[in-house]
Structure formats: structure tokens, C-alpha cells
1. Name the single residue that is modelled with the lowest pLDDT among those in the stretch 87-129 being acidic (Asp, Glu) and surrounded by 10 or more Cβ atoms within 10 Å (Cβ to Cβ).
2. Restricting attention to the stretch 118-128, does a residue exist that is aromatic (Phe, Trp, Tyr) and more than 46 Å from the chain's Cα centre (by Cα)?
3. Taking the criterion of being surrounded by 10 or more Cβ atoms within 10 Å (Cβ to Cβ), over 42 Å from the mean Cα position of the chain (by Cα) and polar (S, T, N, Q), would at least one residue in the stretch 27-44 satisfy it?
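The values are calculated or read from the model by the stated rules, or taken from the named source; none is laboratory data. What you are looking at is a predicted structure, and each value in this text was computed from that prediction instead of being measured. Cβ placement follows ideal geometry from the backbone for every residue including glycine, while neighbour counts extend to all protein chains displayed.
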Amino acid sequence: MAAKRKRKKDNKENDNQGFTLNPVVLLQRTLQGRMFLTLEFFKRNWLYVIAVTVMMLMYISNKYVYQSDKAKLGTLKVMLNNANTDYVAASSNYNSRILESQMKSYIDSMGIDLNISKQPPYKLSSKEK
């Protein structure tokens with residue numbers, strides 16, 4: 001009978017050394033200044049502790065990669081917009097030169113003596129008021 005009591009007492013002490021989710025016990029241990037995450041807890045659950053730590057590190061690294069890729073995507077969007085603007089400007093410049101040269105060759109083939117004006121055009125108006 002004495003051995004049974006001793007085993008019960010030992011089991012109770014071992015239970016108090018491990019991790020518990022009982023809020024009353026956690027509050028008592030915190031108020032007494034005792035640790036509630038003991039070495040026994042880590043010995044029993046070392047695989048889970050390592051798994052949770054690895055998952056947290058993977059989450060942090062994934063978030064960092066996402067943010068850096070998002071910043072890179074913003075930079076690439078700006079570069080694409082600038083390239084599109086340059087393309088439109090170059091295309092319009094090229095098309096205007098092609099039209100001008102085609103018109104000049106057509107006029108020359110007809111034998112009409114027209115030249116490109118060196119002065120800008122001006123508006124004629126009557127002086128009647």
C-alpha cells in the first residue's frame with residue numbers, strides 16, 4: 001500500500017514538471033516564477049518543436065521572397081511602360097518619315113516642282129472689319 005502511494009506521489013510530481021494546458025496551473029506557475037515549459041516537455045516533444053520551428057522559418061522566408069518578387073514586378077512594369085512609350089514614339093517617327101519620302105517620290109515622278117518649306121505655315125486673313 002505504501003508503494004502505491006509513493007508511485008501516485010511520483011506520478012503527480014512528474015505531471016507537475018511537464019507542460020500542461022490547464023490555465024489555473026499555468027497561472028500558478030507564472031505567479032510563483034516557475035517555468036511552465038520545462039526540459040521534460042522539450043525531451044518528450046522534440047520532433048514537434050523542430051517541425052514548428054522549421055515551418056516558421058519557411059513562412060518567414062516565403063514572405064520575404066514574395067515581397068522581393070513583388071518589388072521586382074513593380075520595377076518591370078515601369079520598365080515595360082517606358083519601353084511601350086519609346087516604341088510608340090519611334091513608330092510614329094518612322095511612319096511620318098516613310099509617308100514624307102513616299103509623297104516626295106510621287107511628286108517628283110509627276111514632274112511637279114514642289115519643295116519642303118523651311119518656314120512654318122501661316123494663316124491668311126482679310127483685313128476687312
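1. First pass over the stretch 87-129, keeping only residues acidic (Asp, Glu): 100, 108, 113, 128.
Those still in the list that are surrounded by 10 or more Cβ atoms within 10 Å (Cβ to Cβ) too: 100, 108.
On the way: Glu100: 77, Asp108: 81.
It comes out as Glu100.
2. At the first step, the residues of the stretch 118-128 found to be aromatic (Phe, Trp, Tyr) are 122.
Among the residues that remain, those that are also more than 46 Å from the chain's Cα centre (by Cα) are: 122.
Within the stretch 118-128, one or more residues are aromatic (Phe, Trp, Tyr) and more than 46 Å from the chain's Cα centre (by Cα).
3. Looking for residues that are surrounded by 10 or more Cβ atoms within 10 Å (Cβ to Cβ), over 42 Å from the mean Cα position of the chain (by Cα) and polar (S, T, N, Q), one finds at least one in the stretch 27-44, hence yes.
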